[in-house]
Amino acid sequence: MNQSIYLLEFKLFFRNKAAWSGILILLISGFASLYLGDKFIRQQDLVIEKAARLQEENTRTNIKHFGKDPGLLLYHNKFSMVNIPDRWAAFANGQRDINPYLISVSMLAVEGQIYDTDLSNPSTLLLGNMDLAFVFIFLFPLVIIAFTYNLLSAEQESGVWAIVKSQSGALIRLIRLKFSVRMISIFSVAFFLMGSAVFYLKLPVDFRLLLVSVLLSLYLIFWFSLTFWVISRTKSSSYNAVILISFWVVLNIISPAILNVWLSQKYPVPEALETLVKQREGYHEKWDTDKSKTMDKFYAHYPQFKQYPFPAELTFSWYWYYSMQQMGDDEALAGANAMSEKLSKRHEFSNLTALFLPGIQTQLRLNEIAGSDLENHLNFQQAVKRHHEKIRLYFYPLIFKNETIEKVQWDQFKTATYKEHSTGYIWQNLLSVLIFSLLFTALALSNFRKRIHLF
């Protein structure tokens, strides 16, 4: 197949206005998604920056008003921890729109604070954010379908294929050439958008960029192999279009929805409410309980503080109050761990099931690489709990000894940060999509060899 035939095929392909329309749709939606994804993360960066400044201002204000009473000061004062967005989060926003990336906690029970989140418009959450990952996973396959569904059938239906067949003995090579022209066009757009993303989002040129490029390339190859197999069955154009759109709907919309419903039933999380109730009860019941019992449980949790016995003659002290808060957390601990375990199982089962759903699998891996997945959020919550424990252990002696705040090193308690990403399941993903791609390509080639004389 010489170069002139390739050029001729390119000219024929781009003479069709539908080809230009498809490419323009991808480019426009791609650039729009770059802007929207970057804007979404920049807004979070601004909130994080503002939160850091406000924490310092609020701490100074609280010291000014409550500085003489450390217990009251720590009741009001908030300590924030932020989940810093990775640059890749602008590429794949993931669950950063539904999970809080900024959690502020005081010395009170932590289980009642880490689930606080901003109010969001449910309609906006339902639609989700448009990022470049969305364009690759949902829009590219549609354009691939539009470019290829009638690659062979249109020429058969118009009678052109009979002429071609009579003049050429290399029909399979001709079909591969037509297919490769469309692949080159799609991949050119894909790599152009990836290059634009690296430049516009300031993505680091590192191993993760290579992984994402390979991941998305395999995903596009999967859709080309699927369409290659469908057209190899030599059905009509309308039949091919219906089958391919059905594949898109089932793989990208229906199956994930069914999986989500099934996971909700298999791993229900009544512990979400139970944890909140236990924490509230565990704390409020202590108002009517013998204070010595509360303190005994507190000393069992923190034996190092037995050296500070609670004066029995007091009816209230911050010493006892914060011990009571600690008991609220202790009594909610089993429910909180059970909820976290079930969410982890949901995440693991989603990863396992997604091996058979290339679109969802690719989305999960992109979220994982970008640090915007559920596992990242669960780890962030654990980091907040560790930060809260650090604050408690620092201030407990000050309250127990009824000291002043003059020696407190507030610089230790500026806004804490958390940043993490993973590539844990990426290799399973690459292997799974590669196997599906090879399978459909092999089936397509087998069909062509068996039926080429019937075309």
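The values are calculated or read from the model by the stated rules, or taken from the named source; none is laboratory data. All of these numbers come straight from a predicted model, not from anything done at the bench. Don't worry about glycine lacking a Cβ; one is built from the backbone with ideal geometry, like all the others, and counts go over all protein chains shown. We work out accessible area using only protein heavy atoms, side chains counted, and drop any ligands, DNA or RNA first. Shrake-Rupley method; radii C 1.70, N 1.55, O 1.52, S 1.80 Å.
Here are some notes:
- Applying the condition of being open to solvent by less than 70 Å² (accessible area, probe 1.4 Å) and either at pLDDT 80 or above or aromatic (Phe, Trp, Tyr) (or both) to the stretch 304-316 and asking which residue is farthest from Pro397 (Cα to Cα) yields Phe310.
- Of the candidates Ile114, Ile98, Ile137, the single residue that is on the phi < 0 side of the Ramachandran plot, under 25 Å from the mean Cα position of the chain (by Cα) and at pLDDT 90 or above is Ile137.
- Residues located in the stretch 6-41, provided they are closer than 20 Å to Ser185 by Cβ, within 21 Å of the chain's Cα centre (by Cα) and open to solvent by 40 Å² or more (accessible area, probe 1.4 Å): Phe31
- Residue ID - nearest to Ser232 (Cα to Cα), chosen from residues in the stretch 118-134 that are open to solvent by 50 Å² or more (accessible area, probe 1.4 Å) and either assigned to a loop (DSSP other than H, G, I, E, B) or at pLDDT 95 or above (or both): Met130
- Matching residues in the stretch 295-328 - criterion: being touching a residue at least 60 places away in the same chain (Cβ under 8 Å) and either small (Gly, Ala, Ser) or over 20 Å from Glu403 (Cα atoms) (or both): Ser317, Gln325, Gln326, Gly328
- Some residue of the stretch 336-346 being modelled with pLDDT under 85, open to solvent by less than 50 Å² (accessible area, probe 1.4 Å) and closer than 30 Å to Val198 by Cα: no
- Only listed residue being farther than 30 Å from Val269 by Cα and open to solvent by less than 50 Å² (accessible area, probe 1.4 Å), chosen from Gln44, Gln3, Gln55: Gln55
- The residues of the stretch 11-35 that are over 30 Å from Asn93 (Cα atoms) and assigned to a helix (DSSP H, G or I), listed by number, are Lys11, Leu12, Phe13, Phe14, Arg15, Lys17, Ala18.
- Residues in the stretch 86-107 that are outside any strand (DSSP E or B) and open to solvent by less than 10 Å² (accessible area, probe 1.4 Å): Trp88, Ala89, Ala90, Phe91, Ala92, Asn93, Ser106, Met107.
- Screening Thr417, Thr404, Thr353 for residues that are of a type in the set (Ser, Thr, Tyr), in contact (Cβ under 8 Å) with a residue 12 or more places away in the chain and surrounded by 15 or more Cβ atoms within 10 Å (Cβ to Cβ) leaves exactly one candidate, Thr353.
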